[in-house]
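Colleague: Have a look at this one.
The values are calculated or read from the model by the stated rules, or taken from the named source; none is laboratory data. Since this is a predicted model, take the numbers as computed values, not measurements. Note that each Cβ is placed from the backbone with ideal geometry, even for glycine, and that neighbours are counted across all protein chains shown. Just the protein is used for accessible areas: all its heavy atoms, side chains included, with ligands, DNA and RNA removed. Shrake-Rupley method; radii C 1.70, N 1.55, O 1.52, S 1.80 Å.
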Amino acid sequence: VKNDAVIQRVIAEKFKDSTVLTIAHRLSTLKNSDKIMVLEKGELIEFGDPDELETRPNGFYAEMLKKNSA
């Protein structure tokens with residue numbers, strides 16, 4: 001977890017004026033993203049601001065967050 005925080009900080013600092021595509025298995029890796037794309041079986045199923053996706057009723061990303069925190 002400590003290494004992940006260091007990596008996220010370095011990416012935020014060094015690439016602040018760049019577009020960064022992050023493929024993540026841990027949801028915490030995405031917490032500072034401007035936009036999130038959720039793919040299932042290669043298909044785009046959700047796209048948007050993390051706060052909006054987190055509160056979307058019956059949203060896939062929202063469900064992943066709930067399961068992750070359980």
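Colleague: Filter segment 12-31 for residues that are touching a helix residue (DSSP H, G or I) at 6+ places or on another chain (Cβ under 7 Å) and more than 16 Å from residue 62 (Cα to Cα) and give the result.
Modeller: Matches in segment 12-31: 20, 22.
Colleague: Tell me yes or no: at least one residue of segment 43-52 is in a loop (DSSP other than H, G, I, E, B) and at pLDDT 90 or above.
Modeller: Keep residues of segment 43-52 that are in a loop (DSSP other than H, G, I, E, B), which gives 49.
Keeping just the survivors that are at pLDDT 90 or above gives 49.
Yes, segment 43-52 has at least one match.
Colleague: Considering only segment 22-33, how many residues are in contact (Cβ under 8 Å) with a residue 12 or more places away in the chain and part of a loop (DSSP other than H, G, I, E, B)? If you could, list the steps in order and put the result at the bottom.
Modeller: Quick first cut of segment 22-33, residues in contact (Cβ under 8 Å) with a residue 12 or more places away in the chain only: 26-33.
Adding the requirement that they be part of a loop (DSSP other than H, G, I, E, B) leaves 26, 31-33.
Here the count works out to 4.
Colleague: Continuing with this model, one more query. Here is a list of conditions, (1) in a helix (DSSP H, G or I); (2) among the hydroxyl-bearing types (Ser, Thr, Tyr); (3) open to solvent by 70 Å² or more (accessible area, probe 1.4 Å), and residue 19 meets all of them except one; can you say which number that is?
Modeller: (1)
Colleague: Identify the residue in segment 32-68 that is basic (Lys, Arg) and farther than 25 Å from residue 15 by Cβ and, among all such residues, is most open to solvent (accessible area, probe 1.4 Å). Walk me through it before giving the result.
Modeller: Pass one, segment 32-68, residues basic (Lys, Arg): 35, 41, 56, 66-67.
Within this subset, residues satisfying the condition of being farther than 25 Å from residue 15 by Cβ are 41, 56, 66-67.
On the way: 41: 194, 56: 74, 66: 125, 67: 157 Å².
Among them, the one singled out is 41.
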